[in-house]
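A short write-up of the structure that comes next.
The values are calculated or read from the model by the stated rules, or taken from the named source; none is laboratory data. Computed from a predicted structure; not experimentally measured. So basically every Cβ, Gly included, is an ideal-geometry build from the backbone, and we count neighbours across all protein chains shown. Please note that ligands, DNA and RNA were not included when accessible areas were found on the heavy atoms of the full protein model with its side chains. Shrake-Rupley method; radii C 1.70, N 1.55, O 1.52, S 1.80 Å.
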Amino acid sequence: MQAFLNKMRDSVTKTQVWKSVFRHGYEDTPRNRYLQVLDNVWLHLHPTRIPRHAGYVRFTWCMGGITFLLFLVTAVTGVLLMFYYRPTAEYAYSDMKFLEFDVPFGMFLRNMHRWAAHGMVITVWLHMFRVFLTGSYKPPREFNWVVGIILLTATLLLSFTGYLLPWDQLSIWAVTVGTNMARATPLLGHEGPFGPELGMRPDNDVRFVLLGGTQVGPPTLLRFYVLHCIFFPIFLCIFIAVHFWRIRKDGGISGPL
Amino acid sequence: MDNLMLILGKPDNIPIIMMLVLFGFFTWLWWREARKNDKLIREGRYCELQAENNDRIFTWPYLARIEFLAAILVMVILTVWSIVLDAPLELPANPAKTPNPSKAPWYFLGLQEMLVYFDPWIAGVIFPTIIIVGLMAIPYIDRNPKGNGYYTWDERKFAISTFLFGFFALWIALIFVGTFLRGPGWNFFAPWDYWDPHKVVAMVNVDLHQFFGIRSSVVAFLFGGFVVTAYFALGVLYYYWKKKTDFVQKLGAARYGVLAFLFLCMMGLPIKMLLRWLFNIKYVWITPWFNI
């Protein structure tokens with residue numbers, strides 16, 4: 001029996017096709033362990049060997065990785081949601097109802113997108129919290145902390161722009177409250193210090209640029225949709241790349257020197 | 001109390017509860033690890049920490065397996081969460097019907113709560129900018145070489161206590177108040193209160209100059225300007241007072257200036273909260289262009 005199973009396995013794994021895809025098995029040799037990481041496009045973000053404490057959850061809290069995972073979840077569910085959603089005032093809300101009641105697993109899809117996004121806000125804060133408490137922003141990792149703050153801000157803005165898209169009372173008023181702050185921008189808002197003196201009016205100030213109108217309306221929906229689905233995801237991807245790259249270049253995970 | 005349970009149970013507020021639990025747990029975890037490390041350092045056994053850092057383990061399998069397990073765990077939690085709890089969808093958007101209260105998404109409610117104490121140009125524009133820039137400035141201000149790469153408390157008391165105060169008292173707590181204790185008209189409601197949209201609140205707020213009986217608007221303008229300038233001048237005074245200390249020497253004038261400015265801005269919020277809650281003081285400085 002054992003011989004038969006081995007033969008079956010070999011007939012699959014000892015073929016040219018299999019070997020061309022999978023370079024390594026699971027042999028427990030140091031060489032193979034190096035190669036598992038080096039030859040894998042996803043795992044090679046990691047060094048082949050890490051300090052002992054980098055494997056302790058009580059040190060890393062896993063929060064950076066979980067944040068990245070949640071970002072991937074929102075990206076995948078977000079693309080799927082885009083198949084069913086039209087960012088115009090006429091259709092947006094009815095498309096939400098369509099997702100909720102007609103699309104198979106539509107509600108589940110939307111739930112997962114929303115909860116992953118909220119979870120990402122929490123885990124990114126926890127990640128910052130951990131990095132601060134371990135003093136990991138100290139030299140030589142100063143710049144990566146700055147990149148991290150940019151990512152944190154982008155995460156909040158990504159979440160905020162997505163908040164408008166359901167086009168219900170909750171979203172329109174939450175975004176109204178949020179964007180009302182822009183009127184008070186010093187110099188650039190029509191209610192901000194020295195704004196009126198510089199000729200700012202409700203129809204030409206920074207809030208008008210943001211909303212595409214004097215109140216949250218159909219142009220705002222389209223603007224936030226484009227920001228949410230194109231601008232911020234690309235922005236985030238670029239800075240995530242820099243963030244990961246710099247972890248390695250700055251000497252990997254921080255530890256007692 | 002029913003009212004509080006109603007708000008607590010809103011699907012969008014569940015993440016806040018989860019966040020509070022998570023931060024409680026991780027703060028406890030930090031404290032445990034920090035005390036352990038501090039004890040080692042006190043006993044002169046820092047080299048044991050270093051030894052752990054110099055000891056290498058294989059990424060495959062020791063890190064990869066943790067990552068995969070964490071990913072599975074998170075996906076299970078997320079899947080269950082998405083099955084059990086539906087994302088909210090209220091009535092269609094109606095610009096003519098303003099809900100009372102209107103609230104920003106929960107992670108911005110700290111900023112919305114600041115609006116009680118500062119005008120929108122500060123609470124909504126200047127403070128967010130200062131928070132972001134201030135966070136970015138941390139590695140360049142903090143010149144303490146200790147506590148790099150391990151949990152500690154003894155070696156970084158000022159940095160950690162300032163950060164924890166800002167994060168918990170001025171961000172998380174304000175989110176909590178803004179979400180759970182602010183009802184119609186953004187009035188304050190205790191957890192056991194009914195959210196009465198007709199709650200009558202006496203308009204008892206005064207400005208600082210009125211508190212001191214100053215009537216002339218010119219004198220009030222000068223007085224308020226003096227108070228605000230004097231507040232920031234405290235940073236300068238402290239510099240000349242502590243100039244000889246190791247702390248200020250290591251920072252240098254430029255870094256000290258940035259640190260003092262950021263620190264005083266941050267402390268401005270709890271100061272104005274106290275002024276409001278204890279003395280009903282609204283503005284400190286009134287000018288024709290802006291109020292502080």
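With q set to 0.09, 0.11, 0.15 Å⁻¹, the log10 of I(q)/I(0) for chain B, from the Debye formula over equal scatterers at the Cα positions, is -0.67, -0.95, -1.36.
Ligands, DNA and RNA left out, the accessible area of region B:2-279 computed with a 1.4 Å probe is 71% carbon and sulfur. Evaluating kT/(6 pi eta Rh) at 20 °C and 1.002 mPa s, with the Kirkwood radius of chain A over Cα pairs in the Stokes-Einstein relation, gives 97 µm² s⁻¹. For region A:101-211, the percent of C-alpha pairs falling in each 5 Å distance bin, counted from 0 to the bin holding the largest distance, reads 2, 10, 13, 14, 13, 13, 13, 11, 6, 2, 1, 0. Report, as a whole number in µm² per second, the diffusion coefficient that Stokes-Einstein gives for region B:214-278 at 20 °C and 1.002 mPa s using the Kirkwood radius over alpha carbon pairs. Estimated diffusion coefficient is 158 µm²/s.
In the frame of its principal axes, region B:113-198 has Cα extents of 56, 30, 15 Å, reported largest first. Convex hull volume per residue, computed on the Cα atoms of the protein assembly as shown, equals 206 Å³. Computed from label points 7 Å out along Cα-Cβ, the spacing between A:D250 and A:D102 is 5.0 nm.
Pairs exceeding a 28 Å alpha-carbon distance, out of B:K250/B:K272; A:K249/B:K39; B:K244/B:K272; B:K157/B:K282; B:K10/B:K199; B:K146/B:K243: B:K250/B:K272; A:K249/B:K39; B:K244/B:K272; B:K157/B:K282.
Above 28 Å, the calculated P(r) of region B:139-290 contains 42 percent of its Cα-Cα pairs. Partners of B:K36 within straight-line reach, counting aspartates and glutamates whose Cα lies under 17 Å from its Cα and excluding those fewer than 8 residues away in the same chain: B:E48, B:E52, B:D154, B:E155. Of all aspartates and glutamates in the structure, the ones whose alpha carbon falls short of 13 Å from that of A:K138, not counting any fewer than 8 places away in one chain, are A:D250, B:D142. Based on DSSP loop calls and a cut-off of at most 14 other Cβ atoms within 10 Å, the longest stretch of chain A free of exposed GluC sites (Glu not before Pro) is what? Longest run free of exposed loop sites: A:91-257.
Modelled spin labels at A:E197 and B:R215, positioned 7 Å past Cα toward Cβ, are 2.9 nm from each other. As a rough guide to protection, the peptides B:106-118, B:183-195, A:213-225 ranked by mean Cβ packing within 10 Å, highest first, stand as B:106-118, A:213-225, B:183-195.
Would you mind pulling out the separation of the Cα centroids of region A:233-257 and region B:74-130, in Å? If we compute the Cα centre of each part, the gap is 30 Å. Near the amide H of A:R49, within less than 5 Å, lie the amide hydrogens of B:T59, all on another chain or at least 5 residues away, with H placed in the peptide plane. Distance between the pseudo-spin-label points of B:R42 and A:R58 (7 Å out from Cα toward the beta carbon): 1.8 nm.
What aspartates and glutamates does A:K19 reach when the alpha-carbon gap must be under 17 Å and sequence neighbours fewer than 8 apart in one chain are set aside? Within the straight-line cut-off, A:K19 pairs with A:D10, A:E27, A:D39. Of all the options B:M75, B:M267, B:M18, the one that moves most in a Gaussian network model of chain B with Cα springs shorter than 10 angstrom is B:M75. Helix A:142-163 and the longest principal axis of the Cα set of chain A meet at an angle near 60°.
The calculated FRET efficiency for the pair A:L45 and B:L69, based on their C-beta separation and a Förster distance of 22 Å, comes to about 0.80.
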